[in-house]
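Notes to accompany the following structure.
The values are calculated or read from the model by the stated rules, or taken from the named source; none is laboratory data. From a predicted model like this one, the values you see are computed outputs, not experimental measurements. Methodologically, a virtual Cβ is constructed for each residue, glycine included, from the backbone with ideal geometry; neighbour enumeration extends over all protein chains shown.
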Amino acid sequence: MSQLNDSFLRQTKEALELEAKQNNNEKMPFRGDVSKAIKQRVIVNIDSLAIFSVGVSANKYRSRYRHGGITSSIYRSVKSGGEQVGSLASNITIKGCLSFYESHPLTTSDYAISHLSKVLSPYNVLMADEAYSSLFGKYRNVRLINHSLKAKRKIHTFSRERWSKEGVNSNAVEGANGVLKTAMRQYRWFNCKYSQLYLNEFAVAKNLKFFKMEKNIIFGVNSERDFCGNRIGEIEHKNRKELLKSFLYTPINYSERKYLESSNLKNSLTQDELNKLPKVLQSAIKLNDYSVNYLRGHRLIRERKYRFIYRKVYNYLNKNQWTDLNNVSDAIGISKSECLHIIKKMTLANLLETIVYDEKGRDKVRIKLRYESFYQILLTSEKEELGIIESKFKNKAKFRKKKSNYTGFKRGSKYE
């Protein structure tokens, strides 16, 4: 079943890449209603869910007061050992058809992106809740829905637009989560080590009706021998245990969890990939990966805030296409000062080519993206460094005076 699920994943990715090419890798509107833009597009949702939780008796009757979020329910308390007991699944659902599942230890962006890379291309339409804000930059057609949106009138707690707003929703994956939980409830509990096998089996059973050839092979239609010669299960594999080992899930310990929880601000690049980049960008990436380990308190909060804006700016820009500061700030819905701060940092890291025009005493900033790939850089600074950053930006960017439109007096005027 797991091998068949891998085959379904490959076929689905090929189909989605073809769908994106047929639509010329078109990007949907960054703000406003997207219903018309995605009417003929394939829509993909992603979400996470905890299948089984740690009971009080399994946790030595200790409460989970020191933890928060969805992962708090799948791990024992640190004083009880901290090992994983429950199972956490990432669910990718294509609206109206397929669903694919993967067992994860955490809800960090690295795991979500690794799962999405098996199914999606960067230009497919992707919708999720606001927990997946880190997908900006990696995927170019992302829109998020806020499930905690508060009502404008105080007589209500939540807004009715928290499930669907401006054509953006994740209802397909929420429904698929309910179906998965209902199916897994029959098992009462299973060891998280075998969770991927259970998820693969359920995914194949759910998706099989959309793959006609595989369906004919399994259920034994007359033409089955034209496809493979034997039905699944008729051949006994001698190395069955070895095959299963590659599909088993490996839990992580407490120290690994703590390290990975802060890794969403770092770059996951190999040394060879890093060496291919320009030296200025290399130094910016190394500075980021080193400094993130020591960010604390208000600076860490500001860094996360600016990273969210940075991802949205990167997602809006297109490689080798010029745009200006006003267009970016209006499209994303942020202030020009915050947008200019991000642009300065990206320019110093050699991610942008920037030209500043002096037009009637006001600066008009024009920018062009140099790289299609997304790289994490440090966006906050100490107060003492602000003056140095400003002077470096003036040296790095190109400053030009806009030529006057004056071409002399009109022919035949009294001033000629």
Legend entry - Test set (1) closer than 20 Å to Asn288 by Cβ; (2) more than 32 Å from the chain's Cα centre (by Cα) - Asp358 fails condition number: (1)
Inset, instruction - Check Leu386 against each of (1) surrounded by 19 or more Cβ atoms within 10 Å (Cβ to Cβ); (2) not in a strand (DSSP E or B) and name the one condition it does not meet. - result: (1)
Legend entry - Some residue of region 318-337 being crowded, with 17+ Cβ neighbours inside 10 Å, among the charged types (D, E, K, R) and over 20 Å from the mean Cα position of the chain (by Cα): no
Legend entry - Qualifying positions in region 361-383 - assigned to a loop (DSSP other than H, G, I, E, B) and within 24 Å of the chain's Cα centre (by Cα): Arg370, Tyr371, Glu372, Ser373, Phe374, Tyr375, Gln376, Ile377, Leu378, Leu379, Thr380
Inset, instruction - Return only the number of the condition from (1) of a type outside the set (S, T, N, Q); (2) within 14 Å of the chain's Cα centre (by Cα); (3) within 21 Å of Ile332 (Cβ to Cβ); (4) part of a helix (DSSP H, G or I) that Ala112 does not satisfy. - result: (3)
Legend entry - Residue in region 202-214 that is of a type in the set (Asp, Glu), modelled with pLDDT of 90 or more and buried (at least 16 other Cβ atoms within 10 Å of the Cβ) present: no
Inset, instruction - Could you check, for region 165-179, whether at least one of its residues is under 21 Å from Asn45 (Cβ atoms), surrounded by 15 or more Cβ atoms within 10 Å (Cβ to Cβ) and touching a His at 6+ places or on another chain (Cβ under 9 Å)? - result: yes
Inset, instruction - Go through region 244-334 and tell me which helices (runs of 4 or more DSSP H), entirely inside it, have 2 or more residues that are touching a residue at least 24 places away in the same chain (Cβ under 8 Å). - result: 254-261, 279-291, 297-316, 325-332
